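First up is the structure itself, then whatever we jot down about it.
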Amino acid sequence: ITIEEPHTHSYESTVTAPTCTEQGFTTYTCACGDSYVADETEALGHTTENGVCDNCGDTIGGDVVNNETFTADFNTITNTNTSYSKVTTTSGWVATNSAVFKGGTSDSSPAFKMIGDASNRALCMNGKTSAKGTITSATISGGISKLSLKYGLPFSDTKIKFTINIKQNGVVVATKTVSNTSASKLTAYTLDWDLAADGVAVKGDFVIEILNNAPSNSTSNKDRTAIWDLQWTTNY
């Protein structure tokens with residue numbers, strides 16, 4: 001008679017890590033096929049400030065479901081214009097009391113190295129008090145959660161102050177003022193405005209408006225501020 005020794009389980013463990021919505025656990029499995037689950041850990045939970053979970057990327061609360069980034073079509077303006085007048089891009093951006101400059105390899109108006117290569121266009125808003133420069137988009141759809149742009153002084157001015165308004169139906173629903181009273185000539189500065197982080201992200205149709213605040217309060221051409229590489233991220 002053969003007497004079989006009682007089987008002694010020898011378990012190997014497999015850990016399943018927790019996710020934002022599911023708990024974690026460890027599965028113990030023996031070669032004989034026996035298994036059990038133990039050592040449960042709680043789900044991590046979503047972590048978010050802007051509507052999208054930092055851990056898993058899921059949309060939380062429907063705040064943001066799709067983000068795309070677009071660039072204002074300043075480069076559709078083929079010619080430069082050193083006088084402060086009105087100019088319109090193909091998609092309907094309108095600059096008033098503004099010159100059109102471009103990038104280049106030297107700093108001789110209308111070309112400036114800070115703007116980039118020769119195909120890149122910048123709209124330069126005058127800061128003369130009687131003819132303050134403005135840049136205004138046509139109506140844009142899809143909402144806005146972020147906005148970025150580059151700006152600088154092509155000439156020997158030292159003050160920059162402009163305001164960006166996001167409008168819906170003619171009403172300002174988000175605003176940001178950029179101020180630098182000791183700016184350097186021919187230096188490119190960058191603005192990154194996270195509207196979502198500031199709690200002012202906009203859904204639906206909107207208009208972007210940029211106004212030169214003319215900080216020197218001069219009656220002659222002054223505070224001439226160039227704007228280029230303007231981009232925005234949607235907020236569907």
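The values are calculated or read from the model by the stated rules, or taken from the named source; none is laboratory data. All of these numbers come straight from a predicted model, not from anything done at the bench. We place every Cβ from the backbone using ideal geometry, glycine too, and count neighbours over all the protein chains shown. Heads up: the accessible areas ignore ligands, DNA and RNA and are worked out on the full protein's heavy atoms, side chains in. Shrake-Rupley method; radii C 1.70, N 1.55, O 1.52, S 1.80 Å.
Condition first: closer than 21 Å to LYS146 by Cβ, open to solvent by less than 60 Å² (accessible area, probe 1.4 Å) and either assigned to a strand (DSSP E or B) or modelled with pLDDT of 75 or more (or both). Can you find one or more residues in segment 43-52 that meet it?
Yes: segment 43-52 contains one or more residues that are closer than 21 Å to LYS146 by Cβ, open to solvent by less than 60 Å² (accessible area, probe 1.4 Å) and either assigned to a strand (DSSP E or B) or modelled with pLDDT of 75 or more (or both).
Within segment 171-184, count every residue that is open to solvent by less than 60 Å² (accessible area, probe 1.4 Å) and under 21 Å from ALA138 (Cβ atoms).
1
Restrict the check to segment 123-134 and report whether at least one residue is polar (S, T, N, Q) and over 20 Å from THR82 (Cα atoms).
Narrowing segment 123-134 to residues polar (S, T, N, Q): 126, 129-130, 134.
Narrowing the set further to residues that are over 20 Å from THR82 (Cα atoms) leaves none.
Looking through segment 123-134, none of the residues is polar (S, T, N, Q) and over 20 Å from THR82 (Cα atoms).
Suppose we keep only residues that are surrounded by fewer than 15 Cβ atoms within 10 Å (Cβ to Cβ) and in contact with a strand residue (DSSP E or B) (Cβ under 6 Å, 6 or more places away or on another chain) within segment 60-69. Which one would you say is modelled with the lowest pLDDT? Explain how you work it out, then say what you get.
Our first condition is that a residue be surrounded by fewer than 15 Cβ atoms within 10 Å (Cβ to Cβ); within segment 60-69, this holds for 61-62, 65-66, 68-69.
From the residues that got through so far, the ones that are in contact with a strand residue (DSSP E or B) (Cβ under 6 Å, 6 or more places away or on another chain) too are 65, 69.
Working: VAL65: 47, THR69: 95.
Of everything passing the filter in segment 60-69, VAL65 is modelled with the lowest pLDDT.
If I go through segment 106-140 residue by residue, how many of them are within 22 Å of the chain's Cα centre (by Cα), surrounded by fewer than 17 Cβ atoms within 10 Å (Cβ to Cβ) and among the hydrophobic types (A, V, I, L, M, F, W, C)?
1
For segment 185-236, name all the residues that are crowded, with 22+ Cβ neighbours inside 10 Å and closer than 15 Å to LYS161 by Cα.
Selection gives ILE210, ASN212, ALA214, ASP223, ARG224, THR225, ALA226, ILE227.
Could you figure out which of (1) more than 20 Å from the chain's Cα centre (by Cα); (2) at pLDDT 95 or above isn't true of THR181?
That leaves (2) as the condition not met.
Exactly one condition in (1) surrounded by 19 or more Cβ atoms within 10 Å (Cβ to Cβ); (2) in contact with a Phe, Trp or Tyr (Cβ under 8 Å, 6 or more places away or on another chain) is false for GLY103; which is it?
(1)
Looking at LYS222, LYS161, which is the one that is under 22 Å from PHE112 (Cα atoms), in a loop (DSSP other than H, G, I, E, B) and of a type in the set (Lys, Arg)? Talk me through it step by step, then tell me what you get.
Working: LYS161 fails: in a loop (DSSP other than H, G, I, E, B).
Just a single option satisfies the conditions, and that option is LYS222.
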